[in-house]
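Okay, so here's the structure we're looking at.
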Amino acid sequence: MIYFGVISEQEFLTNYWQKKPVLIKQALPNFISPITPDELAGLSLEKEFESRLITGSIANQEWSLLVQGVDRYIDEVYL
């Protein structure tokens, strides 16, 4: 059985996959990204990639950059 943090693969597929968002911290322990944060930011500016900046509602305004479809263009990202 595969676990994503504290959620089993079956629970993830049943309750979350394409149904509702979930944040799973450290889902892939020891993961090393094949692209740098600067490269990802650069890709977000390209028309081939759908991207958006997601900001938090907490006082220090934490944010995340979401860039979709990177795996379709960068072979090292495709798992």
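The values are calculated or read from the model by the stated rules, or taken from the named source; none is laboratory data. Since the model is a prediction, treat every value here as computed from it, not as a measurement. Cβ coordinates were reconstructed from backbone atoms using ideal geometry, including for glycine residues, and neighbour counts include every protein chain displayed. Areas reflect the complete protein model, heavy atoms only, side chains present, ligands, DNA and RNA absent. Shrake-Rupley method; radii C 1.70, N 1.55, O 1.52, S 1.80 Å.
Just a few scattered comments:
- Count of residues meeting criterion [farther than 19 Å from TYR78 by Cα and in contact with a strand residue (DSSP E or B) (Cβ under 9 Å, 6 or more places away or on another chain)] in the range 22-67: 12
- Residue count for the range 3-21, restricted to those that are open to solvent by less than 60 Å² (accessible area, probe 1.4 Å) and touching a strand residue (DSSP E or B) at 6+ places or on another chain (Cβ under 9 Å): 2.
- Residues of the range 22-79 that are open to solvent by 60 Å² or more (accessible area, probe 1.4 Å), assigned to a helix (DSSP H, G or I) and not charged (D, E, K, R): PRO37, TYR73.
- Residue in the range 51-67 that is more than 21 Å from LEU23 (Cα to Cα) and of a type in the set (Phe, Trp, Tyr) present: no
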